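Peer 1: The following block contains the structure, expressed as structure tokens.
Readers should treat all values here as calculations from the given coordinates under stated rules, not as data from a laboratory. Please read these numbers as outputs of a predicted model, since none were measured by experiment. Note: ideal-geometry Cβ built from the backbone for every residue, glycine included; neighbour counts use all protein chains shown.
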Amino acid sequence: MEEGVNYLITTDDWFMGPNGKQYKAVWGPVEILQDNEILGIKTNARSSNWYAKVGYFNDHIIVAGCQIHYAARCNQEPKLENDNNWEFHQGQKIDFEIKNKVYITQNKNF
């Protein structure tokens, strides 16, 4: 990943955003940090030793490197439209809409 460039990063699991909502992805500029830079300690071999800080000084999410599923470079903010999905239940296909679960970081001046 190129630092300072906007990426859409999907995670292996849900995470809680600063607004208390659950998300599965985050978008914003990325900075790669080592464990001792973000945690203040050097972790052992069984822990993630690098992290992606996604966002800005006042609004960012820290994602452990081992939790990043996909990273797509995209300079434009992703559209937050509902998406169509489906599942099978008791042999019947059920169509439904789901909300887009991307946390969009903002460059806040406060």
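Peer 1: Work out the FRET efficiency for GLU3 and ASN84 from their Cβ-Cβ distance, taking R0 = 25 Å, and round it to the nearest 0.05.
Peer 2: On the way: r = 35 Å, r/R0 = 1.40.
The pair GLU3/ASN84 has a calculated efficiency of 0.10.
Peer 1: Checking the cross-link filter: which lysines have an alpha carbon closer than 17 Å to that of LYS79, excluding same-chain neighbours under 8 positions apart?
Peer 2: LYS24, LYS99, LYS101
Peer 1: For the stretch 8-109, which chymotrypsin sites (Phe, Trp or Tyr not before Pro) are in a loop by DSSP, counting at most 16 other Cβ atoms within 10 Å?
Peer 2: On the way: sites: TRP14, PHE15, TYR23, TRP27, TRP50, TYR51, TYR56, PHE57, TYR70, TRP86, PHE88, PHE96, TYR103; in loops: PHE57.
Answer by residue number: PHE57.
Peer 1: Kindly work out what percent of the DSSP beta bridges joining two residues of the chain are antiparallel, to the nearest 5. Don't skip to the answer; put the middle values down first.
Peer 2: Details: 30 of 33 bridges.
Of the beta bridges lying entirely in the chain, close to 90 percent run antiparallel.
Peer 1: OK, next. Going Cα to Cα from LYS53, which aspartates and glutamates come in below 20 Å? Please leave out same-chain ones fewer than 8 positions away.
Peer 2: GLU2, GLU3, ASP12, ASP13, GLU31, ASP35, GLU37, GLU77
Peer 1: DSSP loop trypsin sites (Lys or Arg not before Pro) in the stretch 1-94 with at most 12 other Cβ atoms within 10 Å of their Cβ, which ones? Please report the intermediate quantities before stating the final value.
Peer 2: On the way: sites: LYS21, LYS24, LYS42, ARG46, LYS53, ARG73, LYS79, LYS93; in loops: LYS21, LYS42, ARG46, LYS79.
Qualifying residues, ordered by number: LYS21, LYS42, ARG46, LYS79.
Peer 1: Which value in nm describes the separation of the simple spin-label points at ASP13 and ASN58, placed 7 Å from the Cα toward the beta carbon?
Peer 2: Taking the two extended label points, one gets 3.2 nm.
Peer 1: Which GluC sites (Glu not before Pro) from the stretch 1-98 combine a DSSP loop assignment with at most 14 other Cβ atoms within 10 Å?
Peer 2: Working: sites: GLU2, GLU3, GLU31, GLU37, GLU81, GLU87, GLU97; in loops: GLU2, GLU3, GLU81.
Here the GluC sites (Glu not before Pro) that fit, given the DSSP loop and packing criteria, are GLU2, GLU3, GLU81.
Peer 1: Rounded to whole Hz and in sequence order, give me ³J(HN,Hα) for the stretch 30-36 from the Karplus expression 6.51 cos²θ - 1.76 cosθ + 1.60, θ = phi - 60°, writing x for Gly and Pro.
Peer 2: Whole-Hz 3J(HN,Hα) from phi for the stretch 30-36: 10, 10, 8, 10, 8, 4, 5.
Peer 1: Just need the relative contact order of the chain here, percent rounded to a whole number, with Cα pairs under 8 Å and 6+ apart.
Peer 2: Details: 217 pairs, mean separation 33.6, N = 110.
Relative contact order, the chain: 31 percent.
Peer 1: So what does the Cα-only Debye profile of the stretch 6-104 read at q = 0.10, 0.17, 0.25 Å⁻¹, as log10 I(q)/I(0), no solvent term?
Peer 2: Taken in order of the listed q values, log10 I(q)/I(0) reads -0.35, -0.81, -1.37.
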